[in-house]
Amino acid sequence: MSSVAIITLLIQTLFLYTDGALPAAAVSISAPFAAGSRSLLRSINGGKSEKPDYAVELNATNFDSVLSETPATHAIVEFFAHWCPACRNYKPQYEKVAKIFNGADAAHPGIILMTRVDCALKINTNLCDKFSVGHYPTLLWGPPSKFVHGSFDPNQGKGGILSIDDGRTAERLLNWINKQLSSSYLLDDQKFENDQLLKNSSDIGQIAQAIYDIEEATSTAFDIILDHKMIKSETQLSLVKFLQLLVVHHPSRRCRKGTAEILVDFDNISVDKKETESGFGAGEPRHYDICGKGVPRGYWMFCRGSTNKTRGFSCGLWVLLHSLSVRADDGESELAFSTICDFVHNFFVCEECRQHFYSMCSSVSSPFKKSRDFALWLWSAHNKVNERLMKEEPSLGTNDPEFPKIIWPPRQLCPSCYASTTGKESNEIEWDHDKVYTFLKDYYGKELVTLYKEKELLAERRSAGLTAEDLTALTSVNALVVPLGAALAIAVASCAFGALACYWRQHQKSRKPPRKSWN
């Protein structure tokens with residue numbers, strides 16, 4: 001094997017370990033949550049404490065990563081000191097509000113991430129200084145993105161971060177929040193009470209929240225497959241094909257990476273040689289975080305229904321399938337179609353839904369040659385399902401009154417999708433399929449990943465913007481641990497680069513100078 005090939009293999013190994021940076025799982029921090037953990041909005045504290053903390057504890061090592069990855073639209077950061085009597089007295093008040101916003105069991109999850117930072121810890125000194133903390137407790141409010149790699153100057157009053165000056169009790173803090181959001185949240189709210197649901201069908205930007213629902217649906221679907229031991233000799237090929245499709249075209253980078261890791265380790269979760277009738281043989285599969293730690297989170301954003309029994313998983317799965325259909329190239333359209341049809345047929349546990357979908361797949365007589373045709377077929381199939389449920393659900397009482405089934409997209413969301421209806425029955429729609437396809441590509445393509453792209457830019461900015469003080473603070477954490485494998489990969493790759501550089505320099509010196517041309 002040539003030296004270049006060896007070095008290329010080493011670099012690939014290093015990338016698998018680091019993915020451009022040390023993975024969150026590679027860092028162990030002496031704090032309630034590991035850096036970059038996405039489990040922060042689940043039920044807080046799985047230990048034996050009788051009264052778990054609902055507010056998320058942050059420090060200088062995970063402050064940016066947690067706030068950049070949260071699905072929440074708003075964030076509150078409480079800067080306090082553990083020795084401060086006023087802070088200790090205020091904590092129960094703050095927790096009352098955090099309880100209704102933080103975690104899968106919260107009444108209103110995914111809206112406000114409530115956090116706290118202990119400024120009495122040396123590691124947080126620079127962080128608290130950047131946000132001009134002059135007294136305890138200090139409460140700051142703003143979009144999570146404004147806190148990432150950010151700062152706060154109360155004299156300027158700009159930058160999107162506000163100081164909460166009237167939140168001394170739980171009631172006063174919640175009143176302040178309600179004024180900011182024009183909401184009517186109450187401390188004793190139960191799930192789905194006083195919810196601010198995304199119901200404006202004319203707002204195309206709302207689909208951006210669905211990126212979290214796609215992660216939720218992907219992770220939930222994979223958990224169902226493992227929990228029900230559905231990987232059998234006759235179904236594992238269709239699962240492998242679907243995972244391969246996700247690796248290439250899933251809109252979430254975290255899901256693409258997690259799916260690739262599962263494919264590498266697929267022998268450990270696929271059917272065993274000693275397979276029994278129940279599916280798996282002797283060994284039980286371990287848990288896989290297909291879309292990163294902490295996913296599924298236990299709640300939905302764009303796909304949240306007005307009750308716990310409506311929308312959710314089915315909505316998230318449809319968005320995932322549409323997003324895959326608009327990302328497949330022309331040469332992949334038929335393979336993507338058959339892969340999705342086989343996946344639903346083999347792994348969707350709703351028997352009636354599975355049969356209806358597969359019958360629509362079976363009715364396709366000729367292969368798809370263009371991605372446009374496949375995307376439009378899936379859109380048409382989805383509308384056929386909606387049309388059937390529009391008639392069935394109201395009579396059965398299973399419909400969501402806040403989200404009635406409609407033929408999609410509605411006119412207010414895509415007026416150009418509707419062609420002239422001259423000569424047609426009043427209840428029939430004549431579509432402009434070119435405009436529909438353009439809309440589908442924008443809606444499930446560019447618009448869907450808007451928030452994700454913004455977070456990627458924040459992550460790049462965060463990794464490129466670490467100051468010397470930040471690095472000093474990071475290295476001062478006693479519990480910071482780099483895995484041995486990653487350290488070895490870095491060391492070997494560095495040596496390999498050095499050897500390649502020396503070889504190249506010697507090779508250049510030994511070369512004869514080129515002959516001069518009289519031309």
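The values are calculated or read from the model by the stated rules, or taken from the named source; none is laboratory data. Keep in mind it's a predicted model, so treat the numbers as computed, not measured. Cβ coordinates were reconstructed from backbone atoms using ideal geometry, including for glycine residues, and neighbour counts include every protein chain displayed. Please note that ligands, DNA and RNA were not included when accessible areas were found on the heavy atoms of the full protein model with its side chains. Shrake-Rupley method; radii C 1.70, N 1.55, O 1.52, S 1.80 Å.
Brief remarks on what is shown
- Among the listed pairs Lys229/Lys435; Lys96/Lys130; Lys391/Lys435, those with a Cα-Cα distance over 31 Å are Lys229/Lys435.
- Debye log10 I(q)/I(0) for the range 206-256, one point scatterer per Cα, at q = 0.17, 0.27, 0.32 Å⁻¹: -0.58, -1.09, -1.21
- Protection-proxy order for peptides 241-249, 343-351, each taking the mean of Cβ atoms within 10 Å per residue, highest first: 241-249, 343-351
- Amide H contacts of Phe152 (H built 1.01 Å from N, under 5 Å, at least 5 apart or other chain): Phe131, Ser132
- Carbon plus sulfur fraction of accessible area for the range 333-444, probe 1.4 Å, in percent: 51
- ³J(HN,Hα), Karplus 6.51/-1.76/1.60, whole Hz, each residue of the range 290-299, x for Gly, Pro: 5, 10, x, 5, x, 10, x, 7, x, 8
- Once the gyration tensor of the Cα atoms in the range 286-397 is diagonalised, the equivalent ellipsoid follows with semi-axes of 25, 21, 13 Å, ordered largest first.
- Of Arg311, Arg168, the order by accessible heavy-atom surface (1.4 Å probe, DNA, RNA and ligands excluded), from most exposed downward, is Arg168, Arg311.
- Across Lys370/Lys446; Lys146/Lys179; Lys179/Lys405, pairs whose alpha-carbon gap is larger than 23 Å: Lys179/Lys405
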